[in-house]
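Each remark here refers to the structure printed beneath this line.
The values are calculated or read from the model by the stated rules, or taken from the named source; none is laboratory data. All values reported here derive from a predicted model rather than from experimental measurement. Every residue, glycine as well, gets a Cβ built from its backbone with ideal geometry; the counts of neighbours run over all protein chains shown. SASA here: full protein model, heavy atoms, side chains in, ligands and nucleic acids out. Shrake-Rupley method; radii C 1.70, N 1.55, O 1.52, S 1.80 Å.
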Amino acid sequence: MHELGVVFAAMDTIEDVARENELTRISSVTMCLGEVSGILEDYFVDCWKWAQQKSDLLRDSTLEVEQIKAVTVCNACGHTYETVRYGRTCPNCGSDQTVLLRGNECEIKQIEGC
């Protein structure tokens with residue numbers, strides 16, 4: 001379960017940001033997880049709930065998760081399409097010369113605190 005490692009890394013970053021901004025309490029965090037990032041949202045949320053109890057700064061915070069849809073572009077025809085639905089083969093021209101544009105992210109979008 002690599003979600004726990006991702007949670008710990010995010011929390012380290014959040015704690016660094018809190019220190020830099022002299023925050024003593026985090027009330028909410030919004031995370032963006034890509035549809036094909038390999039991070040399972042349910043596991044991520046469960047790991048967050050467990051790990052946040054170990055941090056005075058994050059103990060009572062809420063976590064919001066936003067999913068980023070995966071989108072791929074075809075280098076042969078320029079068509080963009082839903083990655084999960086069609087995979088690596090362009091549904092427009094059948095080319096396999098495609099590149100993932102988005103959907104693999106794991107980002108901290110917003111931190112609220114005081």
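Taking the listed residues ASP56, ASP96, the one that is farther than 30 Å from ALA10 by Cα and without any contact (Cβ under 8 Å) to a residue 24 or more places away in the chain is ASP96, with no other qualifying. Among the residues of region 10-41, those that are open to solvent by less than 50 Å² (accessible area, probe 1.4 Å) and either of a type in the set (S, T, N, Q) or free of Cβ contacts under 8 Å to residues at least 24 places away in the same chain (or both) comprise SER27, SER28, THR30, SER37. For region 12-34, what are the residues that are under 21 Å from PHE44 (Cα atoms) and among the hydroxyl-bearing types (Ser, Thr, Tyr)? Answer for region 12-34, where residues must be under 21 Å from PHE44 (Cα atoms) and among the hydroxyl-bearing types (Ser, Thr, Tyr): THR13, SER27, SER28, THR30.
Scanning region 55-92 for residues that are touching a His at 6+ places or on another chain (Cβ under 8 Å), open to solvent by less than 70 Å² (accessible area, probe 1.4 Å) and part of a loop (DSSP other than H, G, I, E, B) gives CYS90, PRO91.
Across region 8-46, the number of residues qualifying as touching a helix residue (DSSP H, G or I) at 6+ places or on another chain (Cβ under 9 Å) and over 25 Å from THR83 (Cβ atoms) comes to 8.
If you go through region 42-54 and keep only what is open to solvent by 80 Å² or more (accessible area, probe 1.4 Å) and either closer than 14 Å to GLU107 by Cβ or among the charged types (D, E, K, R) (or both), you end up with ASP42, ASP46, LYS49, LYS54. In region 93-113, the residue that is surrounded by the most Cβ atoms within 10 Å (Cβ to Cβ) out of those that are β-branched (Val, Ile, Thr) and over 28 Å from ASN21 (Cα atoms) is THR98.
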